[in-house]
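Novice: Could you have a look at this structure, given as structure tokens, before my questions?
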Amino acid sequence: MSELAPMREQVYADPRPKEHFDRFHERARTREPDWCYELTRFVTSLYAYAGLRARAIAVDHVPGSGPVILAPNHFSFMDHFLMGCYIRRKVRFMAKSQLFKPPMQFIYTHGGVFPVRRGARDEEVFTTAQTILARGGAITMYCEGGRSRSGKLAEQAKRGIGRLALETGAPVVPIAIHGSSRIRNWRRLQLPKVTIQYGPALRWERVADPTRAQQQAVADEVLAEIKGLYAGLEEHGRRGVLRRVRAQRRAAKASGASRTVSQVG
């Protein structure tokens, strides 16, 4: 297995004040992504399909409408696009505030992205996410927080996704993105084969003011589901997981048909 290419040093804190980002949150709360979203999806999807041989498994687990939180693991800057290229819905993303600088901030804001100030108690990001979900939108949130720099899944989840799931009651779809940790090896002319597997949606009763322990428990459950999906892809590969998923669906369909016949009889 080839070694991972090094990543740039991480800049964690953003010295700019909260007020600097208010306009980005206001736009995200009041306006939908425009042509910039579709253009970016088209370009990145071409790269994903052709360059990374990206394929999806069980994308139908993502609801076609209504509020939903999409929760993938996070290895690469491409994870946003890989996760969203198979979904016809416009998915809203959170991105670290350091990225909101000209000229890229134009693409982010018009594409429906909103900033999160890492290392700060950023209540604005939750207000924006809750506003989008209340309108029936789709939000992506990484339960690991930032990108993994080791190419391995985190041991523990950040509790923010648990808070958002409990406060909104929105279902959470765990997603395993396998292979994206090696996308940064492109300089070595090494492009991986990427697989995106969507798991069944997880749901919790809405809690107005969840405790830290409740938030962490939900976040840990989401991460455990992601780890299970990822481990399956590691062990069985794309084809093996596809065979298993198809077999499970055939069995479920046959079981449902059997119950129907029994009830009629």
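Novice: Restricting to DSSP H runs of at least four residues, report the calculated mean residue ellipticity at 222 nm for the chain, -39500 (n - 2.57) per run over all residues, nearest 500 deg cm²/dmol. Intermediate values should be presented prior to the final figure.
Specialist: Working: 7 runs with 108 residues, N = 265.
After summing the helix terms and dividing by residue count, I get -13500 deg cm²/dmol.
Novice: Continuing with this model, one more query. How large is the accessible surface of Thr140 in square angstrom, using a 1.4 angstrom probe and rounding to the nearest 10?
Specialist: 0
Novice: What order, most packed first, do the peptides 204-217, 158-171 have when packing is the mean number of other Cβ atoms within 10 Å of each residue?
Specialist: Working: 204-217: 13.5, 158-171: 21.8.
Averaged packing, sorted descending, gives the order 158-171, 204-217.
Novice: Excluding Leu223 itself, what net charge comes from residues whose Cβ is under 13 Å from its Cβ, given Lys and Arg +1 and Asp and Glu -1? Let's see the in-between values first.
Specialist: Values: positive: Lys152, Lys158, Arg159, Lys227; negative: Glu144, Glu155, Asp220, Glu221, Glu225.
Net of charged neighbours comes to -1.
Novice: Right, next: For the chain, set up a GNM with springs between Cα atoms under 10 Å and report which of Leu52, Leu99, Leu202 has the largest fluctuation.
Specialist: Leu99
Novice: Also: So what are the ³J(HN,Hα) numbers for region 135-146, from phi and the Karplus equation (6.51, -1.76, 1.60; θ = phi - 60°), rounded to whole Hz, Gly and Pro as x?
Specialist: Each residue's phi maps through the Karplus curve to give 8, x, x, 10, 10, 9, 9, 8, 6, 8, x, x Hz.
Novice: Separation of region 89-160 and region 218-236 by C-alpha centroid, Å?
Specialist: That distance is 21 Å.
Novice: Say R0 is 41 Å: what FRET efficiency, to the nearest 0.05, do Ala213 and Leu191 get from their beta-carbon distance?
Specialist: On the way: r = 43 Å, r/R0 = 1.04.
Efficiency, from the Cβ-Cβ distance: 0.45.
Novice: Something else now. Most fluctuating residue of Met141, Met94, Met104 in a GNM of the chain with Cα springs under 10 Å: which is it?
Specialist: Comparing Met141, Met94, Met104 in the GNM, the peak value goes to Met104.
Novice: Sequence neighbours fewer than 8 away in the same chain don't count; with that in mind, list the aspartates and glutamates whose C-alpha is under 20 Å from Lys101.
Specialist: Within reach: Glu9, Asp14, Glu19, Asp22, Glu26, Asp34, Asp122, Glu124.
Novice: What is the extension gain from Val43 to Arg246, computed as 0.36 nm multiplied by their sequence separation minus the C-alpha to C-alpha distance, in nm to one decimal? Mind showing how you got there, number by number?
Specialist: Working: separation 203, 0.36 × 203 = 73.08 nm, distance 3.05 nm.
That works out to 70.0 nm of additional length.
Novice: Still on this structure: First compute the accessible area of the chain with a 1.4 Å probe, then give the percent of it belonging to carbon and sulfur atoms. Display every interim value, and only then the final one.
Specialist: Working: 7790 of 14130 Å².
Whole-percent figure for carbon plus sulfur exposure: 55.
Novice: Same structure, new question: If I stretch the segment between Trp35 and Val59 completely, what's the gain in nm (0.36 nm per residue apart, minus their alpha carbon distance), one decimal?
Specialist: Details: separation 24, 0.36 × 24 = 8.64 nm, distance 2.37 nm.
Net length gain for the segment: 6.3 nm.
Novice: With each label point set 7 Å from Cα along the Cα-Cβ vector, what nm distance links Ile107 and Asp220?
Specialist: Distance between the two pseudo-spin positions: 3.9 nm.
Novice: Here is a follow-up. Please list the non-local residues whose amide H lies under 5 Å from the amide H of Ala95, H modeled 1.01 Å from N, same-chain partners needing a gap of 5 or more.
Specialist: Here Phe114, Val116 satisfy the definition.
Novice: List, in order, the whole-Hz ³J(HN,Hα) value for each residue of region 39-56 obtained from phi through the Karplus relation with A = 6.51, B = -1.76, C = 1.60 and θ = phi - 60°; use x for Gly and Pro.
Specialist: Values, residue by residue: 5, 5, 5, 4, 5, 5, 5, 4, 5, 5, 5, 7, x, 9, 6, 5, 9, 10 Hz.
Novice: Here is a further query. Can you check what the net charge comes to around Ile175, using other residues whose Cβ is under 11 Å from the Cβ of Ile175 (Lys, Arg +1; Asp, Glu -1)? Please report the intermediate quantities before stating the final value.
Specialist: Details: positive: none; negative: Asp79, Glu225.
Residues close to Ile175 contribute a combined charge of -2.
Novice: Right, something else. Among the listed pairs Lys18/Lys158; Lys158/Lys253; Lys90/Lys158; Lys96/Lys227, which are separated by more than 28 Å between their Cα atoms? List each step's numbers first, then the result.
Specialist: On the way: Lys18/Lys158 22 Å; Lys158/Lys253 37 Å; Lys90/Lys158 25 Å; Lys96/Lys227 24 Å.
From Lys18/Lys158; Lys158/Lys253; Lys90/Lys158; Lys96/Lys227, over 28 Å: Lys158/Lys253.
Novice: Take peptides 219-232, 16-29 and line them up by average Cβ neighbours within 10 Å, highest first, as a rough protection proxy. Numbers along the way, then the final one.
Specialist: Details: 219-232: 19.1, 16-29: 15.1.
Peptide ranking by packing, descending: 219-232, 16-29.
Novice: Please work out which option in [x] 19.1, 70; [y] 18.7, 60; [z] 20.1, 63 gives Rg and Dmax of the Cα atoms in Å calculated from these coordinates, and answer with its label.
Specialist: [x]
Novice: Follow-up. Please list, in order along region 80-88, the HN-Hα scalar couplings obtained from phi with the Karplus expression 6.51 cos²θ - 1.76 cosθ + 1.60 (θ = phi - 60°), rounded to whole Hz, x for Gly and Pro.
Specialist: Karplus-based 3J(HN,Hα) across region 80-88 equals 4, 6, 4, 5, x, 5, 9, 10, 6 Hz.
Novice: Sticking with this one: Give me the Debye-computed log₁₀ of I(q)/I(0) at q = 0.19, 0.25 Å⁻¹ for region 69-156, equal point scatterers on Cα only, no solvent, two decimals.
Specialist: Rounded to two decimals, the profile gives -0.97, -1.52.
Novice: Pick from Lys101, Lys90, Lys193 the residue whose mean-square fluctuation is largest in a GNM of the chain, springs joining Cα atoms under 10 Å.
Specialist: Ranking Lys101, Lys90, Lys193 by mean-square fluctuation puts Lys101 first.
The values are calculated or read from the model by the stated rules, or taken from the named source; none is laboratory data. No experiment lies behind these values; they were computed from the predicted model shown. Neighbour counts are summed over all protein chains in view; Cβ atoms, including those assigned to glycine, are modelled from backbone coordinates with ideal geometry. Note: accessible area is taken over every heavy atom of the protein model, side chains too, but ligands, DNA and RNA are not part of it. Shrake-Rupley method; radii C 1.70, N 1.55, O 1.52, S 1.80 Å.
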